[in-house]
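S.K.: One structure follows; several queries about it will come next.
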Amino acid sequence: MARDGFAVVRAGALTTVQDLGRPGHAHLGVPHAGALDVPAARLANRLVGNEDGAAVLETTLTGCALRPGRAVTVAVTGAPGPVLVDGRPAAWGAPVLVPAGAVLEVAPARSGVRAYVAFGGGVAVAPV
């Protein structure tokens with residue numbers, strides 16, 4: 001794992017990298033796509049100081065678990081459920097500092113379907 005990256009400990013069902021999509025290109029055959037719950041994705045980014053459209057992780061129903069290579073501030077929004085850092089409860093819907101090497105777990109949603117995980121500094125992915 002790169003120092004600035006994160007390792008996926010548990011991917012969960014349908015965890016993907018999403019941004020705000022590609023609006024305005026349907027006439028070219030390009031669907032809008034992007035995060036399904038745009039307000040939740042924007043909020044997660046705002047909570048960690050990112051631009052609204054920065055890439056986030058979108059996880060569906062079962063959550064995911066991640067291990068960052070460096071200390072990073074994260075925020076989990078969208079479908080509410082338990083958030084844990086190395087097994088200890090952490091805030092949902094608020095910035096949380098995750099130490100380097102600690103496991104951030106987004107547990108299965110208690111209600112709703114999709115949760116969003118934003119990392120301070122964003123998720124670096126090549127635009128597609």
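S.K.: From the list T77, T16, T73, T60, which one is hydroxyl-bearing (S, T, Y) and within 14 Å of G5 (Cα to Cα)?
M.R.: That would be T73, the only listed residue that is hydroxyl-bearing (S, T, Y) and within 14 Å of G5 (Cα to Cα).
S.K.: State the number of residues belonging to region 17-73 that are at pLDDT below 90 and either outside any loop (DSSP other than H, G, I, E, B) or among the hydroxyl-bearing types (S, T, Y) (or both).
M.R.: 3
S.K.: If you don't mind, another one. Look at A102 and say whether it is in a loop (DSSP other than H, G, I, E, B) and over 25 Å from G34 (Cβ atoms).
M.R.: Considered against the rule, which asks whether it is in a loop (DSSP other than H, G, I, E, B) and over 25 Å from G34 (Cβ atoms), A102 comes out as yes.
S.K.: Taking G29 as the residue in question, decide whether it is free of Cβ contacts under 8 Å to residues at least 12 places away in the same chain, in contact with a His (Cβ under 9 Å, 6 or more places away or on another chain) and surrounded by fewer than 17 Cβ atoms within 10 Å (Cβ to Cβ).
M.R.: Considered against the rule, which asks whether it is free of Cβ contacts under 8 Å to residues at least 12 places away in the same chain, in contact with a His (Cβ under 9 Å, 6 or more places away or on another chain) and surrounded by fewer than 17 Cβ atoms within 10 Å (Cβ to Cβ), G29 comes out as no.
S.K.: Hey, another quick one. Kindly provide the set of residues from region 55-76 that are open to solvent by less than 20 Å² (accessible area, probe 1.4 Å), more than 8 Å from the chain's Cα centre (by Cα) and among the polar types (S, T, N, Q), ordered by number.
M.R.: Matches in region 55-76: T60 only.
S.K.: Starting from region 106-123, take each residue that is over 10 Å from P80 (Cβ atoms) and list its partners that are buried (at least 17 other Cβ atoms within 10 Å of the Cβ) and among the acidic types (D, E), counting only C-beta distances under 8 angstrom and pairs at least six apart or across chains.
M.R.: Note: pairs meeting the criteria are R114/D37; R114/E58; Y116/D37; Y116/E58.
S.K.: Right, next: Looking at the structure I just gave you, is A109 assigned to a loop (DSSP other than H, G, I, E, B) and open to solvent by less than 70 Å² (accessible area, probe 1.4 Å)?
M.R.: yes
S.K.: Continuing with this model, one more query. In region 77-89, what residues are part of a strand (DSSP E or B) and either open to solvent by 30 Å² or more (accessible area, probe 1.4 Å) or over 21 Å from A41 (Cα atoms) (or both)?
M.R.: L84, R88, P89
S.K.: Give the residues of region 112-128 that are over 18 Å from G34 (Cβ atoms) and surrounded by 15 or more Cβ atoms within 10 Å (Cβ to Cβ), sorted by residue number.
M.R.: Matches in region 112-128: G120 only.
S.K.: Where residues in region 35-54 are farther than 19 Å from S111 by Cβ and of a type outside the set (A, V, I, L, M), which of them is least open to solvent (accessible area, probe 1.4 Å)?
M.R.: Result: N45.
The values are calculated or read from the model by the stated rules, or taken from the named source; none is laboratory data. As the structure is a prediction and not an experimental result, all values here were calculated from the model. A quick note on method: Cβ atoms are made from the backbone with ideal geometry, for glycine too, and the neighbour counts reach across all protein chains shown. The accessibility values were calculated without ligands, DNA or RNA, using every heavy atom of the protein model including side chains. Shrake-Rupley method; radii C 1.70, N 1.55, O 1.52, S 1.80 Å.
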